[in-house]
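S.K.: One structure, pasted below without further comment.
A short reminder: the numbers here are calculations on the coordinates, not readings from a lab. The model shown is predicted, which means the values in this text are computed figures rather than measured ones. Glycine also receives a Cβ, built like all others from the backbone with ideal geometry; neighbour counts cover every protein chain displayed.
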Amino acid sequence: MYIFLFLMMVGIFNCSHIYGQVKENIISSIHSYSTTPVYSLQMNKQGCKLVVEMENNVDYRLTENRGESIMLPLNVMITKSGKQTLKIKIYPKDGDQYITKYAHVKVNIFNAPDKSSSLKDYKKIAEFTLPEGLESQKLPFYEHTIDFDATVPFDYSKELDKAVTLNKIPNIEELVVKKYNEVRTICEKSDVAAYTSLSAHSAALVYNTTYTDIQEVKNKNENQYGIVDSKLKNRTFIPIENYYMQFYANNKIVALWQRNHNPLLYLKGENSTGKVVEGGDPLFLYMPEGSNELKAW
């Protein structure tokens, strides 16, 4: 599965005659920091689905039914220094009504002083293990919060604080669905230029929070793949319906999800060998201060 629109942006730029202005706008938003502390989440799970949500930001979704072990960068989910609250949400895998005895989750949060730190310099600062015996409680989901302190050189909280409070807009759901359909059309057309422009804010956020060197960004070339990959055959997208809507960051960010917790921008197709591939990109939307248009966070 293609995980996270903003993680995919690391390699989606085309040559300068198409992407020049978008790329320059992103480059102008990239900062250099004298310190580069790193926060990451190491996760092992099986027999369940997992959503990891930062209280004042967006979430990660590991919604495949098979077991997984992965290290995820947390910097992209941190808006500013201070206390962080991470929500661990655990759901039954497909076909199960409740969390079963086969569900296992282990989460460790690590901090390293620098982006170039070796593994021996990573310090565990918080952890969580799914309790045993939950199957007797017949739980449709289980939630746990982890608090930890983070010190980072960037601050995206001011931008969110000034953004429009979305749940106060009377027709917000209508506006969100309209935007999703617009982006779905972009994906259907494999319009990489439009998709990159849409995702410019997300790309800049990832580059800044992961301390990507500006020269590395300048050197990036086209890498068309994923949800806008025209090389896939028989591409089909699920319709924008049968969803649920979720607000984040004190109602400043919103997203739509499938009922099985997968992204609503979801593609099925075939690669060059005829193998069926599928996956999706989440689309987190916000409305910047002074704007009446939803944009990708």
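S.K.: Would you order 100, 236 from fewest to most other beta-carbon atoms within 10 Å of each residue's own beta-carbon?
M.R.: 236, 100
S.K.: Using only the Cα atoms of the chain, construct the convex hull and provide its projected area averaged over every direction, in square nanometres to one decimal. Present the calculation step by step, with values, prior to reporting the outcome.
M.R.: Numbers: hull surface 66.0 nm².
It is 16.5 nm².
S.K.: Please report Rg (one decimal) and Dmax (integer) in Å for the Cα set of region 38-153.
M.R.: Rg and Dmax of region 38-153, Cα atoms, are 14.8, 45 Å.
S.K.: How many angstrom lie between the Cα centre of region 61-86 and the Cα centre of region 143-188?
M.R.: Centre-to-centre (Cα) distance: 16 Å.
S.K.: Once amide H atoms are built 1.01 Å from N in the peptide plane, which residues 5 or more positions from residue 277, or in another chain, come under 5 Å H to H?
M.R.: Amide H neighbours of residue 277: 269, 270, 271.
S.K.: How large is ³J(HN,Hα) for each residue in region 45-55, as worked out from phi by the Karplus curve 6.51 cos²θ - 1.76 cosθ + 1.60 (θ = phi - 60°), to whole Hz, x for Gly and Pro?
M.R.: My calculation for region 45-55 gives 8, 7, x, 6, 10, 9, 10, 10, 10, 8, 4 Hz in order.
S.K.: Could you pull out every residue, at least 5 positions away or on a different chain, whose amide H is within less than 5 Å of the one on residue 249? Hs are placed 1.01 Å off N in the peptide plane, and Pro or chain starts have none.
M.R.: The answer is 57.
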